[in-house]
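S.K.: This is the structure, below, for whatever I ask next.
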Amino acid sequence: MKIHIDNIDKFFLKSELIPAIVVDEKTKAVLMLAYMNNESLNKTLETGYTWFYSRSRQELWNKGATSGHLQRIISIFGDCDDDTLLINVEQTGVACHTGEYSCFFKKIAEE
């Protein structure tokens, strides 16, 4: 499945990397936040699965390629400033490298 976004370059006018918030389409849970560059966004659009840019390793990575915990794209939204993406996915397995379902499992405050 090939997904198309008009004028992909507009997302990288302010920075070479943009945040991508990943949400489970079924549960609506925020699974993770990662960064994308132009190349990883293009690979995501071409393959229908999430690709990100690792700031620590300075390379592209396909989420779930080694673990099998793939993220199939359902939809992608850009924010009002064209500098952040919201990606709805069908999550296979867990999203976090720690083995947790979501990367946001450490509660630090509550009313």
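The values are calculated or read from the model by the stated rules, or taken from the named source; none is laboratory data. Computed from a predicted model, the values in this text were never measured in an experiment. As a convention, Cβ positions derive from the backbone with ideal geometry for all residues, glycine included, and neighbour counts pool all protein chains shown. Each accessible area value is taken on the protein alone, full model and side chains, heavy atoms only, with ligands, DNA and RNA left out. Shrake-Rupley method; radii C 1.70, N 1.55, O 1.52, S 1.80 Å.
S.K.: Across region 86-99, what is the number of residues that are in contact with a strand residue (DSSP E or B) (Cβ under 8 Å, 6 or more places away or on another chain), surrounded by fewer than 16 Cβ atoms within 10 Å (Cβ to Cβ) and assigned to a loop (DSSP other than H, G, I, E, B)? Write out each step before concluding.
M.R.: Residues of region 86-99 that are in contact with a strand residue (DSSP E or B) (Cβ under 8 Å, 6 or more places away or on another chain), as a first pass: 86-92, 95-96.
Now drop any that are not surrounded by fewer than 16 Cβ atoms within 10 Å (Cβ to Cβ), which leaves 86, 90, 92, 96.
Those still in the list that are assigned to a loop (DSSP other than H, G, I, E, B) too: 92, 96.
Number satisfying all stated conditions: 2.
S.K.: Right, next: Could you check region 66-76 and list, in sequence order, the residues that are open to solvent by less than 70 Å² (accessible area, probe 1.4 Å), closer than 24 Å to N7 by Cα and not small (G, A, S)?
M.R.: Listed by number, the residues that qualify are Q71, I73, I76.
S.K.: Between D79, D83, which is open to solvent by 40 Å² or more (accessible area, probe 1.4 Å) and in contact (Cβ under 8 Å) with a residue 40 or more places away in the chain?
M.R.: Criteria check complete, one pass: D83.
S.K.: Still on this model: Of everything in region 14-65 that's among the charged types (D, E, K, R) and open to solvent by less than 70 Å² (accessible area, probe 1.4 Å), which residue is farthest from A95 (Cα to Cα)?
M.R.: Only one residue fits best here, namely K43.
S.K.: Can you say whether S102 is polar (S, T, N, Q), outside any loop (DSSP other than H, G, I, E, B) and open to solvent by less than 50 Å² (accessible area, probe 1.4 Å), as far as the supplied structure shows?
M.R.: Here the answer is no, as S102 does not meet what is asked.
S.K.: Name the pairs: first residue in region 57-68 and under 20 Å from I18 (Cα atoms), second residue of a type in the set (S, T, Y) and open to solvent by less than 40 Å² (accessible area, probe 1.4 Å), Cβ to Cβ under 7 Å, at least 6 apart or on different chains?
M.R.: L60/S40; W61/S54; K63/T50
S.K.: Quick one: is K43 of a type in the set (K, R) and not in a helix (DSSP H, G or I)?
M.R.: Values: of a type in the set (K, R): yes; not in a helix (DSSP H, G or I): no.
Considered against the rule, which asks whether it is of a type in the set (K, R) and not in a helix (DSSP H, G or I), K43 comes out as no.
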